[in-house]
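As structure tokens, the structure follows; a few thoughts come after it.
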Amino acid sequence: MDSDGLFLGLDLSTQQLKGIVIDSLGHILLETSIVFDSQFPKYQTTNGRHVNGSTVTAPVMMWVEAIDLVMSRLHDAGLTSRIRAISGAAQQHGSVYWSQQGIETIGKLDVQRSLQEQLAGAFAVLDSPVWEDSSTTEQCQKLETWAGGSAELARISGSAAFERFTAAQIMKIKDQSSDIWNHIARISLVSSFVASILSGTLAPIDASDASGTNLYDIEAGQWSKTLCNAVDLGLLEMLGKVTMADQVVGTLAPYFAAKYGMSQCPVVSFTGDNPSAYAGFESMLTDADQLASVVSLGTSDTMLSPLTIYPYSSDDLAKDSEHIDGHVLQHPTVSNRYIAMLCYKNGSLAREWVRDNCLGANTYGSWTEFNQAAATGPLVPAAYGFYYLSREILPKGAIGIHRFEQTASTGDIVCPSGTQYKRVQAFSTTSDLRAILESQVMSMRLDYLRKSTKPLTAAIVTGGASVNPALRQVVADVLGVPVFAVGLHDGTLAMPAYGAAVRALRYLEPSRVLEGNFVLEQVGWPDFDVFGVYSEAMADFEFLREQVTHQFVVVGC
């Protein structure tokens, strides 16, 4: 293998297009970002998108210009001639709609003209629906009816109907814009759209990203004929083939090779940002079989966890078909493995609200004071709190602050353990500061165990709140696993783009052991006595969370 060779990973997220170049040992040589709002003010986006009520879209031509610009920056840095393979990631669920003219144009691009100029008529829909869109409730209801109910749709596609998912967005375009629909020749996800531009041919959609459409039959490993035909008899052909994220979908188009002094190197399949990030973290683990969960702690919290068995299989009678919240995705590179993606809207904003509400004016905004007060050991089973400042994704529809205290007298609620609890407006002997941390991480444990009976062996924390030592320790104690974080020599690691660069490298060198300019550091170790307390409390926690959730009837999806 050429020791001078480099590997490019791209990530087209909501607000920017990021590129990372690594060498054959995984060291990061260059990072660059095209921030859409500042770089392309003519598109008048806010945080990379157009918002019109519940409709949220992004201009496709802005993405096209960004692709050309990021390659230009790599050329100016003197790296393009050394790039040996390319892969990438993109925001999930968004879709791009090609016209027949566009399909014909990408295969014969003129190096003397810009991408923007040549692809001006390439798209039947100029503003692509993206993951923040919530305007498709009517389509979600129809899709679940066609599937035979939400549970059956989840069994097939890994998720009940969600407004941001691609199926509902496609249905909305067909329902509301017949003229536009008649001009659509092919449909890409955002990830396969970028791969198509780079390879000069329509790239297949990656199976893991296809899992976020409500159209892909995960167990069968192919588009669901039943669901696709219900939307449109021509949809299967419009979506095209599906591939795995470690497979080559083409070679770099002559346009980029000639314009930027590159070889026509392999283009490895692009996937969604979450699967790409998960695979990137997996590449850091020395034990390939280790069941590690990635816990992203930010404005919202996300838990990505490994699954060795598809949880909604008709053959897996141990799983409760009622628990279809969250999402199950195909693993991006291993066909018989899956990922549970659990999303929680009330993350850091809820933690900050509790901090500021509890500590008072003198310590307002102080995480040091928060951590000191929260490091008191487990509150459960004496008290439980649930904190939903915004309507929650998981459990679906929950909202409000709900507190329960154990009582020796007759309580409002009798849990399965026989313990009685009463609802309270405020805790009498404890604090929300500890309660919110326990509640958030116990929810993750509960929702993971509804997808798998396999115990986790590690957790990798990432995101802005992952630096909080009190929160790290609660993750360790509730999950009962060591906790790791990525430490960099400088800066932070853009994991979707890095994971893509690693896939590009491992296409040419499958057995390469990475060194990288980062280290996976252990930042928490479980107290197994405390873990035992949480384990015994899980049944009561589940029962109380159900009491909260059942107050809210969510109509639609």
Say whether the condition of being within 23 Å of D68 (Cβ to Cβ), within 24 Å of the chain's Cα centre (by Cα) and charged (D, E, K, R) is met by at least one residue in segment 164-179.
no
Test for T368: is it hydroxyl-bearing (S, T, Y), assigned to a helix (DSSP H, G or I) and either surrounded by fewer than 21 Cβ atoms within 10 Å (Cβ to Cβ) or modelled with pLDDT of 90 or more (or both)
yes
For segment 249-268, does any single residue satisfy the condition of being among the small types (G, A, S), assigned to a helix (DSSP H, G or I) and either within 30 Å of V475 (Cα to Cα) or at pLDDT 90 or above (or both)?
yes
Only one of these is open to solvent by 40 Å² or more (accessible area, probe 1.4 Å), without any contact (Cβ under 8 Å) to a residue 40 or more places away in the chain and under 25 Å from C358 (Cβ atoms): Q425, Q473. Name it.
Q425
Suppose we keep only residues that are open to solvent by less than 50 Å² (accessible area, probe 1.4 Å) and of a type in the set (A, V, I, L, M, F, W, C) within segment 121-141. Which one would you say is farthest from V64 (Cα to Cα)?
C140
I'd like the full set of residues that are in a loop (DSSP other than H, G, I, E, B), modelled with pLDDT of 95 or more and within 30 Å of M284 (Cα to Cα), limited to segment 24-56.
none
Determine if segment 395-410 includes at least one residue that is touching a helix residue (DSSP H, G or I) at 6+ places or on another chain (Cβ under 7 Å) and within 25 Å of P306 (Cα to Cα).
yes
Exactly one of these conditions fails for L342: (1) part of a loop (DSSP other than H, G, I, E, B); (2) within 30 Å of T243 (Cα to Cα). Give me its number.
(1)
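Each row is one residue, and each column tells you yes or no for (1) of a type in the set (A, V, I, L, M, F, W, C); (2) modelled with pLDDT of 95 or more; (3) over 19 Å from I180 (Cβ atoms).
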{"site": "R82", "(1), (2), (3)": "no, yes, yes"}
{"site": "I86", "(1), (2), (3)": "yes, yes, yes"}
{"site": "A90", "(1), (2), (3)": "yes, yes, yes"}
{"site": "G94", "(1), (2), (3)": "no, yes, no"}
{"site": "W98", "(1), (2), (3)": "yes, yes, no"}
{"site": "L109", "(1), (2), (3)": "yes, yes, yes"}
{"site": "L119", "(1), (2), (3)": "yes, yes, no"}
{"site": "F123", "(1), (2), (3)": "yes, yes, no"}
{"site": "D127", "(1), (2), (3)": "no, yes, no"}
Yes or no: segment 226-233 includes at least one residue that is open to solvent by 10 Å² or more (accessible area, probe 1.4 Å), under 30 Å from K259 (Cα atoms) and not polar (S, T, N, Q).
no
Could you please find all residues in segment 412-422 being of a type outside the set (V, I, T) and open to solvent by 20 Å² or more (accessible area, probe 1.4 Å)?
D412, P416, S417, G418, Q420, K422
Expected single match for at pLDDT below 95 and of a type in the set (S, T, Y) among S13, S72 is S13
Looking at segment 158-166, can you tell me whether even one residue there is in contact with a His (Cβ under 8 Å, 6 or more places away or on another chain), in a helix (DSSP H, G or I) and open to solvent by less than 10 Å² (accessible area, probe 1.4 Å)?
yes
If you check A465 against the conditions, is it within 21 Å of Y448 (Cα to Cα), of a type in the set (G, A, S), touching a Ser or Thr at 6+ places or on another chain (Cβ under 9 Å) and in a helix (DSSP H, G or I)?
yes
Within segment 296-305, restricting to residues that are crowded, with 23+ Cβ neighbours inside 10 Å and over 11 Å from the mean Cα position of the chain (by Cα), the one that is farthest from S191 (Cα to Cα) is L297
Hey, among the residues in segment 476-491 that are out of contact with any Leu (no Cβ under 7 Å at 6 or more places or on another chain) and part of a helix (DSSP H, G or I), which one's surrounded by the fewest Cβ atoms within 10 Å (Cβ to Cβ)?
A476
Of (1) open to solvent by less than 40 Å² (accessible area, probe 1.4 Å); (2) in a loop (DSSP other than H, G, I, E, B), G280 satisfies all except one. Which?
(2)
I'm told L198 meets every condition in (1) within 23 Å of the chain's Cα centre (by Cα); (2) part of a helix (DSSP H, G or I); (3) surrounded by 24 or more Cβ atoms within 10 Å (Cβ to Cβ) except one. Can you identify the failing condition by its number?
(1)
The one condition G78 fails out of (1) assigned to a loop (DSSP other than H, G, I, E, B); (2) in contact (Cβ under 8 Å) with a residue 12 or more places away in the chain is (2)
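The values are calculated or read from the model by the stated rules, or taken from the named source; none is laboratory data. From a predicted model like this one, the values you see are computed outputs, not experimental measurements. Glycine gets a Cβ as well: all are built from the backbone with ideal geometry, and neighbour counts include every protein chain shown. Heavy atoms of the whole protein, side chains included, go into the accessibility calculation; ligands, DNA and RNA do not. Shrake-Rupley method; radii C 1.70, N 1.55, O 1.52, S 1.80 Å.
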